1. Using a Förster radius of 22 Å, what is the FRET efficiency between SER17 and ILE58 based on their Cβ-Cβ separation? Nearest 0.05, please.
2. Could you provide, to the nearest whole Å², the per residue accessible area of region 24-82 with probe 1.4 Å?
3. Check THR90: other-chain or 5+ apart residues with amide H under 5 Å from its amide H, H built from backbone geometry?
4. Tell me which residues come under 5 Å, amide H to amide H, from SER53 once H is placed; ignore anything under 5 positions away on its chain.
5. Could you give the length gained on full extension between ASN83 and ALA115, defined as 0.36 nm per residue of separation minus the Cα-Cα distance, in nm?
6. Just the ratio, please: alpha-carbon radius of gyration of the chain over 2.2 N^0.38 Å, N its number of residues.
7. Taking H as built 1.01 Å from N, whose amide H comes closer than 5 Å to the amide H of THR62, not counting residues under 5 places away?
8. Using a 1.4 Å probe on the protein chains only, how many percent of the accessible area of region 75-115 belongs to carbon and sulfur?
Amino acid sequence: QVQIAESGGGLVQVGGSLRLSCAASGITFSHNAGTWFRQSPGEQRQMVASISSLGFPIYDGTAKGRFTISRDTANNMVYLQMNSLKPEDTAVYYCHVADGINVYWGQGTQVTVSA
(Lines give C-alpha, C1' and ligand atoms only; values in the text may rest on other atoms or scores of the structure.)
Protein backbone atom coordinates (compact mmCIF):
# COMPACT_ATOMS: atom_id res chain seq x y z
CA GLN A 1 0.00 0.00 0.00
CA VAL A 2 1.38 3.36 -1.03
CA GLN A 3 1.29 6.21 1.45
CA ILE A 4 2.44 9.77 0.87
CA ALA A 5 2.76 12.26 3.70
CA GLU A 6 3.73 15.92 3.54
CA SER A 7 4.95 18.04 6.43
CA GLY A 8 6.64 21.35 7.06
CA GLY A 9 3.96 23.84 6.14
CA GLY A 10 3.03 26.76 8.33
CA LEU A 11 2.69 30.51 8.63
CA VAL A 12 5.63 32.63 7.51
CA GLN A 13 6.18 36.30 6.77
CA VAL A 14 6.93 37.68 3.35
CA GLY A 15 10.54 37.00 2.45
CA GLY A 16 10.77 34.06 4.82
CA SER A 17 11.58 30.43 4.15
CA LEU A 18 10.02 27.04 4.68
CA ARG A 19 11.14 23.53 3.93
CA LEU A 20 8.49 21.02 2.98
CA SER A 21 9.07 17.31 3.32
CA CYS A 22 7.42 14.40 1.54
CA ALA A 23 7.74 10.90 2.93
CA ALA A 24 6.69 7.93 0.84
CA SER A 25 6.17 4.29 1.63
CA GLY A 26 5.33 1.55 -0.82
CA ILE A 27 6.91 3.46 -3.69
CA THR A 28 10.43 4.77 -4.13
CA PHE A 29 11.71 8.10 -5.38
CA SER A 30 14.77 6.34 -6.79
CA HIS A 31 12.51 4.79 -9.42
CA ASN A 32 9.77 7.40 -9.75
CA ALA A 33 9.58 11.15 -10.04
CA GLY A 34 8.49 13.14 -7.04
CA THR A 35 6.53 16.29 -7.74
CA TRP A 36 5.23 19.16 -5.65
CA PHE A 37 1.94 20.77 -6.63
CA ARG A 38 0.05 23.57 -4.97
CA GLN A 39 -3.52 24.71 -4.95
CA SER A 40 -4.95 28.03 -3.83
CA PRO A 41 -8.66 28.53 -3.11
CA GLY A 42 -10.59 28.77 -6.35
CA GLU A 43 -7.56 27.82 -8.41
CA GLN A 44 -6.52 24.67 -10.19
CA ARG A 45 -3.77 22.55 -8.77
CA GLN A 46 -0.51 23.45 -10.47
CA MET A 47 2.92 21.90 -10.62
CA VAL A 48 5.61 23.72 -8.67
CA ALA A 49 8.67 21.50 -8.99
CA SER A 50 9.54 17.94 -9.90
CA ILE A 51 12.57 15.74 -9.52
CA SER A 52 12.98 12.82 -11.89
CA SER A 53 13.95 9.27 -10.98
CA LEU A 54 17.46 10.20 -12.11
CA GLY A 55 17.51 13.24 -9.87
CA PHE A 56 17.00 15.99 -12.45
CA PRO A 57 14.84 18.90 -11.26
CA ILE A 58 12.40 21.02 -13.20
CA TYR A 59 10.54 24.08 -11.96
CA ASP A 60 7.52 26.12 -12.73
CA GLY A 61 8.41 29.67 -13.68
CA THR A 62 7.01 31.05 -10.44
CA ALA A 63 9.31 28.81 -8.40
CA LYS A 64 12.49 29.06 -10.41
CA GLY A 65 15.25 30.83 -8.52
CA ARG A 66 13.40 30.75 -5.21
CA PHE A 67 12.51 27.10 -4.63
CA THR A 68 14.77 24.06 -4.66
CA ILE A 69 13.57 20.49 -4.91
CA SER A 70 15.80 17.72 -3.65
CA ARG A 71 15.57 14.15 -2.52
CA ASP A 72 17.09 11.67 -0.11
CA THR A 73 16.82 8.26 -1.73
CA ALA A 74 18.25 6.49 1.32
CA ASN A 75 15.29 7.69 3.39
CA ASN A 76 12.85 7.90 0.48
CA MET A 77 12.12 11.59 0.99
CA VAL A 78 11.61 14.55 -1.32
CA TYR A 79 12.00 18.12 -0.10
CA LEU A 80 10.98 21.54 -1.29
CA GLN A 81 13.06 24.40 0.07
CA MET A 82 11.15 27.62 -0.42
CA ASN A 83 12.92 30.95 -0.01
CA SER A 84 11.86 34.55 -0.56
CA LEU A 85 8.25 33.59 -0.05
CA LYS A 86 5.52 35.86 -1.37
CA PRO A 87 1.82 36.14 -0.44
CA GLU A 88 0.95 34.52 -3.76
CA ASP A 89 2.79 31.39 -2.63
CA THR A 90 0.00 30.82 -0.10
CA ALA A 91 -1.59 27.48 -0.94
CA VAL A 92 -1.94 23.88 0.07
CA TYR A 93 1.12 22.03 -1.16
CA TYR A 94 0.78 18.43 -2.28
CA CYS A 95 3.35 15.74 -2.95
CA HIS A 96 2.68 13.56 -6.00
CA VAL A 97 4.22 10.31 -7.15
CA ALA A 98 3.28 8.31 -10.22
CA ASP A 99 4.56 4.87 -11.16
CA GLY A 100 3.32 4.90 -14.75
CA ILE A 101 0.06 3.20 -13.87
CA ASN A 102 -1.17 4.81 -10.67
CA VAL A 103 -0.97 8.31 -9.25
CA TYR A 104 -0.56 8.93 -5.56
CA TRP A 105 -1.16 12.12 -3.58
CA GLY A 106 -0.53 13.13 -0.03
CA GLN A 107 -3.08 14.98 2.09
CA GLY A 108 -1.34 18.31 1.60
CA THR A 109 0.29 20.83 3.89
CA GLN A 110 -0.85 24.43 4.22
CA VAL A 111 1.59 27.24 3.53
CA THR A 112 0.47 30.73 4.43
CA VAL A 113 2.63 33.76 3.67
CA SER A 114 1.56 36.90 5.50
CA ALA A 115 2.26 40.38 4.21
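The values are calculated or read from the model by the stated rules, or taken from the named source; none is laboratory data. No experiment lies behind these values; they were computed from the predicted model shown. Here Cβ is always computed from backbone atoms with ideal geometry, including for glycine, and neighbour counts include all displayed protein chains. Keep in mind that these areas ignore ligands, DNA and RNA; they rest on the heavy atoms of the full protein, side chains included. Shrake-Rupley method; radii C 1.70, N 1.55, O 1.52, S 1.80 Å.
1. Values: r = 21 Å, r/R0 = 0.96.
Efficiency, rounded to the nearest 0.05: 0.55.
2. Per-residue accessible area for region 24-82 comes out at 52 Å².
3. Here VAL113 satisfy the definition.
4. The list, which skips near neighbours in sequence, is ALA33.
5. 10.0 nm
6. Values: Rg = 13.3 Å, N = 115, 2.2 N^0.38 = 13.4 Å.
Scaled against compact globular proteins, the figure is 0.99.
7. none
8. 51 percent
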